[in-house]
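The structure under discussion appears below in the form of structure tokens.
The values are calculated or read from the model by the stated rules, or taken from the named source; none is laboratory data. The model shown is predicted, which means the values in this text are computed figures rather than measured ones. Neighbour counts are summed over all protein chains in view; Cβ atoms, including those assigned to glycine, are modelled from backbone coordinates with ideal geometry. All accessible areas refer to the heavy atoms of the entire protein, side chains included, with ligands and DNA or RNA removed. Shrake-Rupley method; radii C 1.70, N 1.55, O 1.52, S 1.80 Å.
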Amino acid sequence: MSLGWWRLVYAAFAGFLLFHGFSTSENAPNYSFMHNATSAPFLSYYDYIVVGGGTAGCPLAATLSHRANVLLLERGGSPYGDPNITKLVNFGASLSDLSPWSPSQRFISTDGVINSRARVLGGGSCLNAGFYTRASPEYIRQAGWDGRLVNQSYEWVEKLVAFEPHLGHWQSAVRNGLLEVGVVPFNGFTFDHINGTKVGGTIFDEQGNRHTAADLLEYANPRGLTVLLYATVQKILFRFRGRRSRPEAYGVIFRDGSGIEHRAYLKYGFKNEIIISSGALGSPQLLMLSGVGPVAHLRSHNIPVVLDQPLVGQGMCDNPMNAVFVPSPIPVEVSLIEVVGITHFGSYIEAASGETFSASAALQGGFILEKIMGPISTGHLELQTRNPDDNPSVTFNYFQHPLDLQRCVQGIQTIGKIVESESFSKFRYDYMSWPGLVNMTEHSPINLLPRHYNSSIPLETFCRDTVMTIWHYHGGCQVSRVVDPDYKVLGVEALRVIDGSTFNYSPGTNPQATVMMLGRYMGVKILRERLGN
């Protein structure tokens with residue numbers, strides 16, 4: 001096989017993994033409450049101010065709007081109407097856009113792994129492979145959530161954004177391969193998290209249109225909600241009532257797309273609150289910019305300290321993902337994540353396929369990937385500047401814990417068995433060995449880490465060398481460390497954080513369903529508290 005052909009494979013591999021994009025429902029809903037922040041008054045008052053119109057913020061704001069006056073501030077634009085972010089078949093256009101107003105904002109962790117954070121209404125649900133699956137019952141119990149309300153909240157989400165995929169030949173072969181190598185039983189199509197192999201949900205409909213958390217704003221009361229786009233919050237405002245009182249959040253300062261400053265304040269009322277839903281990077285970053293964080297770190301950036309909270313930005317996690325590209329001798333369908341193998345050892349096996357993965361290559365084949373449960377390894381987040389538009393510095397410490405590495409090795413071994421299974425035989429070249437595929441991946445430019453170019457390397461080294469993200473990062477404002485079980489920020493009043501930054505572990509195989517559920521769940525709980533129910 002020629003060197004040029006291998007280079008095409010490497011280009012395809014890098015293109016697919018580094019340049020995924022957004023897509024969304026093609027027909028934009030008529031949201032009368034959605035405006036560009038340049039049209040906002042310089043001063044306004046609300047019962048609730050939600051910072052971040054992402055995967056949790058949209059369902060949260062939609063729910064609260066039925067009993068209160070809500071402002072939802074989103075630093076990005078609308079996901080609707082852009083032809084580059086509409087269809088599944090265009091999956092790739094937006095992440096390659098590095099402009100200041102791109103729906104994605106690239107960042108590179110100190111680990112050398114290329115990543116992205118969402119900058120668009122709908123948030124992280126616009127930056128994923130569309131897989132929809134619930135958290136396990138054990139996860140829900142450990143979180144202390146009300147199981148009945150959790151189920152109702154999932155169902156509320158699923159009515160608008162979750163669909164059953166139609167499996168093509170590649171995904172069917174992966175499903176059958178998983179069963180053949182012992183990832184059993186087969187649980188059919190289900191949203192539930194069950195050990196074995198299953199077909200999960202997808203947020204892509206039958207026409208290949210993506211549905212995101214922004215679609216959940218269809219549930220909103222238009223008279224109770226204002227959504228401002230291109231509104232970047234600079235900081236939360238705090239005040240003290242009395243000599244020994246705790247700091248109380250009472251407003252925010254945000255800038256519109258023209259750089260003009262606006263202020264939004266809470267109306268008078270002891271149950272009114274500011275809720276940060278800016279994601280695992282944005283929420284701890286905003287707390288620090290507002291003076292809530294490790295005192296020495298805040299002072300190093302000349303930020304006035306409101307509350308010394310050393311655990312803000314700690315516990316950062318990202319589920320490490322490793323994938324193997326499998327060239328196919330026959331055409332394969334374009335597919336994203338539809339099937340998952342939930343193994344007994346804590347690795348999740350998934351796949352994606354398609355004929356073209358980058359502009360520089362046209363190849364038949366696809367990827368089989370594994371990612372680990374949890375993870376156990378943790379890192380931290382720090383400010384780099386005082387500019388909220390800049391990325392913070394993030395360290396995830398991939399595979400720091402030996403159990404994470406052990407799970408990766410077992411996951412890669414399982415992928416090897418699937419590739420060599422009878423179920424997968426028509427999708428592999430007879431002359432391409434499994435060690436050859438592993439070596440090909442080891443040589444691919446998929447991150448910024450140094451490579452080991454021996455013909456045969458231990459799988460532990462392979463896992464470390466080829467680690468990637470699948471955008472499941474979380475932590476930074478964790479429950480019982482930064483927020484209490486009701487997501488109220490410890491040590492301050494009238495401030496909550498509701499998003500994936502509060503998670504200790506990533507829920508289920510893919511978190512987006514649970515993050516959307518959490519927005520609805522906490523919206524209902526907050527309104528019950530407000531109304532005295």
*Selection from region 481-493 of residues that are part of a loop (DSSP other than H, G, I, E, B) and in contact (Cβ under 8 Å) with a residue 12 or more places away in the chain*: ARG481, VAL482, PRO485, ASP486, TYR487, LEU490, GLY491, VAL492
*Does THR466 satisfy the condition of being of a type outside the set (A, V, I, L, M, F, W, C) and farther than 28 Å from GLN512 by Cα?*
no
*Can you spot a residue in region 66-81 that is without any contact (Cβ under 8 Å) to a residue 12 or more places away in the chain and either open to solvent by 10 Å² or more (accessible area, probe 1.4 Å) or under 25 Å from ASN447 (Cα atoms) (or both)?*
no
*Mind checking which pairs have a first residue in region 129-142 that is under 24 Å from SER335 (Cβ atoms) and a second that is of a type in the set (D, E, K, R) and open to solvent by 30 Å² or more (accessible area, probe 1.4 Å), Cβ under 7 Å, 6 or more apart or different chains?*
ARG134/ASP192
*asked:* Could you check region 103-128 and list, in sequence order, the residues that are in a loop (DSSP other than H, G, I, E, B), open to solvent by 20 Å² or more (accessible area, probe 1.4 Å) and more than 27 Å from ALA231 (Cβ to Cβ)?
replied: THR110, ASP111
_Condition met for MET440 (at pLDDT below 95, part of a helix (DSSP H, G or I), surrounded by fewer than 20 Cβ atoms within 10 Å (Cβ to Cβ) and of a type in the set (A, V, I, L, M, F, W, C))_ = yes
*asked:* Among the numbered criteria (1) of a type in the set (D, E, K, R); (2) open to solvent by 60 Å² or more (accessible area, probe 1.4 Å); (3) touching a strand residue (DSSP E or B) at 6+ places or on another chain (Cβ under 9 Å); (4) touching a residue at least 24 places away in the same chain (Cβ under 8 Å), which one does LYS426 miss?
replied: (3)
_Of everything in region 163-216, what is in a strand (DSSP E or B) and not hydrophobic (A, V, I, L, M, F, W, C)? Give them in sequence order._
ASN187, GLY188, GLY196, THR197, LYS198, GLY201, THR202, ASN209, ARG210
*Can you tell me which of PHE131, PHE91 is in contact with a Gly (Cβ under 6 Å, 6 or more places away or on another chain) and open to solvent by 10 Å² or more (accessible area, probe 1.4 Å)?*
PHE91
_One residue from TYR473, TYR453 being in contact (Cβ under 8 Å) with a residue 24 or more places away in the chain and among the aromatic types (Phe, Trp, Tyr)_ = TYR473
*What is the residue count in region 487-510 for residues that are more than 15 Å from ALA249 (Cβ to Cβ) and acidic (Asp, Glu)?*
1
_Being of a type in the set (A, V, I, L, M), out of contact with any Phe, Trp or Tyr (no Cβ under 6 Å at 6 or more places or on another chain) and at pLDDT below 95: is that true of MET432 here?_
yes
*Can you name the residue in region 23-45 that is at pLDDT 95 or above and over 15 Å from GLU74 (Cβ atoms) and, of all such residues, is most open to solvent (accessible area, probe 1.4 Å)?*
PHE42
*Does region 255-276 contain at least one residue that is crowded, with 23+ Cβ neighbours inside 10 Å, on the phi < 0 side of the Ramachandran plot and either among the polar types (S, T, N, Q) or part of a loop (DSSP other than H, G, I, E, B) (or both)?*
no
*Given (1) in a strand (DSSP E or B); (2) over 30 Å from GLN285 (Cβ atoms), number of the condition ARG496 does not satisfy*: (2)
*asked:* For region 380-413, give me each residue that is in a loop (DSSP other than H, G, I, E, B) and open to solvent by 20 Å² or more (accessible area, probe 1.4 Å).
replied: GLN384, THR385, ARG386, ASN387, ASP389, ASP390, ASN391, ASN397, TYR398, GLN400, HIS401
